[in-house]
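Below is one structure; the comments refer to it alone.
The values are calculated or read from the model by the stated rules, or taken from the named source; none is laboratory data. Keep in mind the model is a prediction, meaning the values are calculated, not measured. Reconstructed Cβ throughout: ideal geometry from the backbone, glycine too, with neighbour counts over all protein chains shown. For accessibility, only protein heavy atoms count, side chains too; no ligands or nucleic acids. Shrake-Rupley method; radii C 1.70, N 1.55, O 1.52, S 1.80 Å.
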Amino acid sequence: MVNMAVILCGIAMPNPVIAASGTFGFGEDFARLYDINCLGSFSMKGTTLSAREGNPTPRIAECASGMLNAVGLQNPGIDKVISEELPKIGEFYHRPVMANVSGFSVDEYAEICRRLDGQAQVGWIELNISCPNVHGGGLAFGTSPHSAAQVTRAARRATVKPLIVKLSPNVTDIVEVARACEAEGADGLSLINTLLGMRLDLKTRRPVLRNITGGLSGPAVFPVALRMIYQVYQGVRVPLVGIGGISSAKDVLEMMLAGATAVQVGSANLVNPYACRDIIKALPDAMADYGIKNLNDLIGGAH
Amino acid sequence: MKQCVYLIEENEQIAQNTYRIVFSGDTSAFTAPGQFLNLEVSGLYLRRPFSVCEWEKGHVSIVYKVVGAGTQKMSTFKRGREVDVLTGLGKGFDTENSGPRPLLIGGGAGVPPLMMLCKMLLAQKKQPTVAVGFGSAGEAFFQDAFRNLGVPVSIATMDGSLGAKGMVLDACRMDACTYFYACGPIAMLKAVCAASCSDGQVSLEERMGCGFGACMGCTVITQRGPKRVCTEGPVFDKGELVW
Ligand SMILES: Cc1cc2nc3c(=O)[nH]c(=O)nc-3n(C[C@H](O)[C@H](O)[C@H](O)COP(=O)(O)OP(=O)(O)OC[C@H]3O[C@@H](n4cnc5c(N)ncnc54)[C@H](O)[C@@H]3O)c2cc1C
Ligand SMILES: Cc1cc2nc3c(=O)[nH]c(=O)nc-3n(C[C@H](O)[C@H](O)[C@H](O)COP(=O)(O)O)c2cc1C
Ligand code: FES
């Protein structure tokens, strides 16, 4: 028997695999396909204070081993998430979920955290300060240690729930931002969000995405994400959630070796709706292949 | 939605740059014409969505136009190849509201889903009329197949090499029908809705990340707020759309 259970910021999970925000909706479409209680957890679609329609389409483009999205945080707003989505989730998912939140001001982030604070099923709050697809929001806070610290401080005061700050790779020194968030009371850090990119259409000679730029994700970003987890692990003490291009059980092991306590699987869900389940099923054999009895022994093992 | 492995029974060229694949496999997830499947093309990261042209128990066909890397690769798929597909996606056409004389309007790669729709309407003892438009005579397909069903067909081509010269609307009258169904380029759909005097349904296309509702990549703004083309669509009522 192998041990896959891990503890993320005080919350026990049966395995380290979390479905990433924006690629799993509010879980419902997947719960119709398989029993998602097999997951470590899932992170809900990025939620803002008011409802957002998102960016104009096309919002999706493709590239070698990956994709670009410019969805722009389309979501029903925090009140609907609390009154409609969370009760629905309670019917098919029986563990703590991660609430991914985004805002356009420090106060907005704090207000959303306050409203989520009393929600029993919300385990962790994941502060998305790294969305590259909304102007004046998200990413703007994640690109400087100073503003990242401000958001973290305000959110910290607004909730007692474990607070995970989701970092952007679109920075010169991610360790600096990570340290700033840790200093303001972040209980954990998740990384990476998408890398800013674009594609052009040779026929029209125009950008494929209406938003011009979008966020790159998928297997193409795995080495970047792995490198950043490795670096951040050396700079902070809080647990890390490794995100970016994970599509196999081996990727999970590699990310944990670099320093992740848990991982998130994003784009892989979009091309294979069973990706998370398949990865979890494959984990015990992959662990056995490399002589791993307890996943916890692996965390940061590469250092 | 159901993930399936389909076997390619045939993959034949039926017009210029246009191919038809017949698959065998589990078709139980399809419930209405106008639904689509999302096909994995090895070597490409995202799946490719295609409307179902026709299905019967154990067999399903699609008709596709070669427009880029994915469809180019598909055109080389040989009989006997297995492909991974997400099936039974989206909400298809509703045949209940059609009245006795529905008009089916298709443009180019939008024509395929009208075949199953037409057959179902005929089976319901309705009298459908078909109007199709293509770039040129070489690209035209299915006009004879519709005629063989006993359905009146009008054709337009942009270069006038077959039927009326111009858009599909130049070849048909919209005032005689009780309802319309349209699938094709967005400009055609807009023109059809503007010219129509009856209710109807249109099938929209949008670039897709997943095809089953998870990514919010395919949103259109409707009278009832943002909707996903892959899940609440691809077929929408004329009255729902905000052009
Ligand atoms: C619901 C639905 C039903 C469709 N049914 C048919 C059909 O029956 N027959 C047919 O020939 N085509 C159909 N299409 C369009 C078809 O999906 C695209 O032509 C195809 O994906 C192009 O792939 P490519 O790799 O050859 O082109 P590329 O240009 O290389 O594709 C690059 C990316 O753009 C996307 N893309 C390109 N054009 C379109 C488009 N028009 N709509 C959506 N995504 C696009 C591709 O999926 C891919 O992600 C349908 C599209 C949708 C959304
Ligand atoms: C379509 C799409 C939507 C996303 N939406 C969000 C979001 O709302 N909030 C967020 O923090 N990250 C969002 N992300 C980023 C992912 O959660 C993840 O960080 C990123 O895609 C890298 O992981 P991957 O390579 O496994 O996809 C989104 C990604 C995609 C592809
Ligand atoms: S394509 Fe992903 S939600 Fe429609």
Sparse-neighbourhood loop hits (trypsin sites (Lys or Arg not before Pro), segment B:93-136; DSSP loop; Cβ within 10 Å at most 13 others) -> B:Lys125
log10 I(q)/I(0) for segment B:2-89, Debye formula on C-alpha points only (no solvent), q = 0.16 Å⁻¹, two decimals, reads -0.55
About its Cα centre, the protein assembly as shown carries a charge dipole, from +1 on Lys and Arg Cβ atoms and -1 on Asp and Glu Cβ atoms, whose size in debye to the nearest 20 is 560 debye
Over chain A, the sum of -39500 (n - 2.57) across DSSP H runs of at least four, divided by residue number and rounded to 500 deg cm²/dmol, gives at 222 nm -9000 deg cm²/dmol
Taking protein heavy atoms only, a 1.4 Å probe, and rounding to whole percent, the accessible area of segment A:136-273 owed to carbon and sulfur comes out at 53 percent
Taking the convex hull of the alpha-carbon atoms of the protein assembly as shown and averaging its shadow over every direction gives an area in square nanometres of 24.9 nm²
Projected onto the charge dipole of the protein assembly as shown (unit charges on the beta-carbon of Lys, Arg, Asp and Glu, signs +1, +1, -1, -1), the Cα from A:Val6, B:Thr71, A:Gly301 with the largest positive-side position is that of B:Thr71
Whole-Hz Karplus couplings 3J(HN,Hα) for segment A:41-53, θ = phi - 60° and coefficients 6.51, -1.76, 1.60, Gly and Pro as x, run 5, 9, 9, 5, 3, x, 10, 10, 4, 9, 4, 10, 7
Any trypsin sites (Lys or Arg not before Pro) in segment A:205-303 that lie in a DSSP loop and have at most 10 other Cβ atoms within 10 Å would be A:Arg205, A:Arg237
Chain B accessible area per residue, 1.4 Å probe, protein heavy atoms, integer Å², reads 40 Å²
The orientation-averaged projected area of the Cα convex hull of chain A, in nm², is 14.5 nm²
Hull surface over four for the Cα convex hull of chain B, reported in nm², is 12.0 nm²
For segment A:1-63 the GluC sites (Glu not before Pro) that pass both the DSSP coil test and the at-most-16 other-Cβ-within-10 Å test are A:Glu53
Taking only C-alpha positions in segment A:253-300, Rg and Dmax in angstrom work out to 11.5, 31
Going residue by residue through segment B:54-62, the Karplus relation 6.51 cos²θ - 1.76 cosθ + 1.60 with θ = phi - 60° gives ³J(HN,Hα) values, rounded to whole Hz and with x marking Gly or Pro, of 8, 8, 9, 3, x, 9, 8, 10, 10
For segment B:49-129, the percent of all C-alpha pairs falling in each 5 Å bin, from 0 up to the bin holding the max distance, is 3, 11, 21, 23, 18, 11, 7, 5, 1
The set of residues whose placed amide H lies less than 5 Å from the amide H of B:Phe180, leaving out same-chain residues fewer than 5 positions away, is B:Leu103, B:Gly200, B:Gln201
So, relative contact order of chain A in percent, Cα under 8 Å, 6 or more apart, is 20 percent
Between chains B and A, the summed loss of accessible surface on complex formation, probed at 1.4 Å and reported to the nearest 100 square angstrom, is 2300 Å²
Per residue, accessible area of segment A:136-186 with a 1.4 Å probe, heavy atoms of protein chains only, in Å², comes to 38 Å²
If unit charges are put on Cβ atoms (+1 for Lys and Arg, -1 for Asp and Glu) and the dipole of segment A:186-303 is taken about its Cα centre, the option from A:Thr194, A:Gly214, A:Tyr233 lying farthest towards the positive end turns out to be A:Gly214
